[in-house]
Structure formats: structure tokens, C-alpha cells
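Enquirer: To start, I am sharing the structure in question, which I have written as C-alpha cells.
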Amino acid sequence: MDALLNAADNALRTLFANPRASRPCPTVAEQSTDLSAADKALAGALMRVNHVGEVCAQALYAAQALGTRDPVLRKHFLAASAEEDDHLAWTRQRLGELGARPSLLNPLWYAGAFGLGLLASRLGDRLSLGFVVETERQVEAHLATHLEKLPEGDHESRAIVAQMKAEEARHALEALNAGALELPGAVKNLMRAGAKVMTTVAYRV
């Protein structure tokens with residue numbers, strides 16, 4: 001029952017509360033951002049996609065923590081979720097600074113990611129960890145493309161994305177070291193296709 005209540009609380013906080021980071025937002029020292037309207041709109045759309053990714057990360061880790069029977073692994077998922085909570089807060093704050101809004105479909109994204117995380121956990125802890133590895137690798141690659149697309153002068157967004165990219169890579173490595181199994185190629189391709197739909201829609205909606 002406690003686990004269910006924690007999962008419900010996480011969903012409500014992620015979707016409806018103003019997220020608060022436990023760490024300062026990454027910045028670039030002595031760099032200021034002065035964006036044109038077009039660059040601001042581009043950065044806002046890209047950061048909205050990144051915010052959706054963090055909404056999904058909260059859902060995935062909450063579901064996997066709920067689904068595992070291993071208390072050590074549950075602690076691992078919750079610790080990763082806490083770090084992702086900083087990412088959620090940073091991206092939400094940056095959206096406000098850019099005058100952009102979060103995705104209107106965040107409840108849908110959260111529900112879908114939670115279902116996938118719960119399904120992965122039912123397949124066994126090592127496959128669940130494998131799902132984390134592949135998810136984080138795909139997120140890391142996605143963030144790398146955003147570092148190429150973000151306006152060169154948007155130092156704040158670029159600092160946030162760079163920090164997130166490094167930490168997603170570490171999450172993948174930690175899951176791998178915890179005993180993750182490699183997912184089949186067909187599953188990886190399906191995950192990429194689903195992520196492509198999400199990012200394309202979230203860019204606009």
C-alpha cells in the first residue's frame with residue numbers, strides 16, 4: 001500500500017506541482033543569453049521536449065520501483081528518480097524563462113511511460129534494468145542532437161542539457177553494472193519509434 005501511495009504521490013507532484021530541484025540549475029559562468037524571438041521559440045520547443053522526457057523518466061522509475069520485489073533495486077530506482085527530479089525542475093524553470101509552456105499532453109505521456117515501466121518490471125529485474133539502459137542511451141543520444149540544435153547563444157539551455165546528458169549516461173552505466181540484460185534489437189527499434197512520435201508531437205503540443 002505504501003508503494004502504491006508513493007507512486008500516486010509521484011504522479012501528482014510530477015504533473016501538477018511546481019517541481020523544486022535539490023541542486024542549483026547548471027549555468028555557464030559569465031555568459032548571458034540574449035535571444036531573438038525566433039531563437040527563443042526554437043529553444044522553448046526543444047526544452048518542452050526535454051521536459052516531457054523528464055516527465056516520462058519520473059513515470060518509468062516510479063513504475064519500476066513499484067514493480068520490483070528487490071529492496072536494493074527499489075532504492076536504486078528511487079535514487080535515480082530523485083536525480084531526474086532535478087532535471088524536471090530545471091527544464092520546467094527554463095520553459096518559464098523562455099516564455100514557453102509544458103506539453104499539454106503530459107498526463108498522457110506520464111501514463112504511457114508508467115505502463116511501460118510496470119511492464120518492464122514484470123519481465124524481471126534484469127530485463128527491467130536493461131530497459132533503463134536502453135532508455136537512457138536513447139535519451140543521451142537525443143540530448144546530443146539538442147545540443148546541436150539549440151541556439152549557440154542560449155547558454156542557459158545548453159548548460160542544462162549538457163548536465164542532463166552526462167547524468168543520463170551515468171544512469172545507464174549504473175543500471176548496466178547492476179546486472180542489466182541487453183534488450184532484443186526489435187524492442188530497441190520499437191522504443192526508438194515510440195520516442196520519435198513523442199518528441200515530434202511534444203515539440204508542438
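The values are calculated or read from the model by the stated rules, or taken from the named source; none is laboratory data. In this text the structure is predicted, and so the values were computed from the model without any measurement. Here the Cβ positions follow ideal geometry from the backbone for every residue, glycine too, while neighbour counts run over all protein chains shown.
Enquirer: Filter region 111-146 down to the residues that are of a type in the set (Ser, Thr, Tyr) and at pLDDT below 95, then identify the one that is farthest from Lys40 (Cα to Cα).
Expert: Checked region 111-146; the qualifying residue farthest from Lys40 (Cα to Cα) is Ser121.
Enquirer: Additional query: With the requirement that a residue be of a type in the set (A, V, I, L, M, F, W, C) and modelled with pLDDT of 85 or more, what does region 12-27 give you?
Expert: Hits for region 12-27 are Leu15, Ala21, Cys25.
Condition check ((1) in a helix (DSSP H, G or I); (2) surrounded by fewer than 23 Cβ atoms within 10 Å (Cβ to Cβ)) across all residues:
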| position | (1), (2) |
| --- | --- |
| Gly53 | yes, no |
| Gln64 | yes, no |
| Val72 | yes, yes |
| Glu152 | no, yes |
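Enquirer: Please find, within region 154-168, the residue that is surrounded by the most Cβ atoms within 10 Å (Cβ to Cβ) out of those that are in contact with a Lys or Arg (Cβ under 9 Å, 6 or more places away or on another chain) and over 18 Å from Asp85 (Cβ atoms).
Expert: Out of the qualifying residues, it is Ser157.
Enquirer: For residues that are of a type in the set (Val, Ile, Thr) and under 27 Å from Asp70 (Cβ atoms), scanning just region 125-150, find the one that is surrounded by the fewest Cβ atoms within 10 Å (Cβ to Cβ).
Expert: Of everything passing the filter in region 125-150, Val133 is surrounded by the fewest Cβ atoms within 10 Å (Cβ to Cβ).
Enquirer: Looking at region 17-51 only, could you name the residues that are within 16 Å of the chain's Cα centre (by Cα), part of a helix (DSSP H, G or I) and surrounded by fewer than 18 Cβ atoms within 10 Å (Cβ to Cβ)?
Expert: Of everything in region 17-51, just one residue is within 16 Å of the chain's Cα centre (by Cα), part of a helix (DSSP H, G or I) and surrounded by fewer than 18 Cβ atoms within 10 Å (Cβ to Cβ), namely Ala45.
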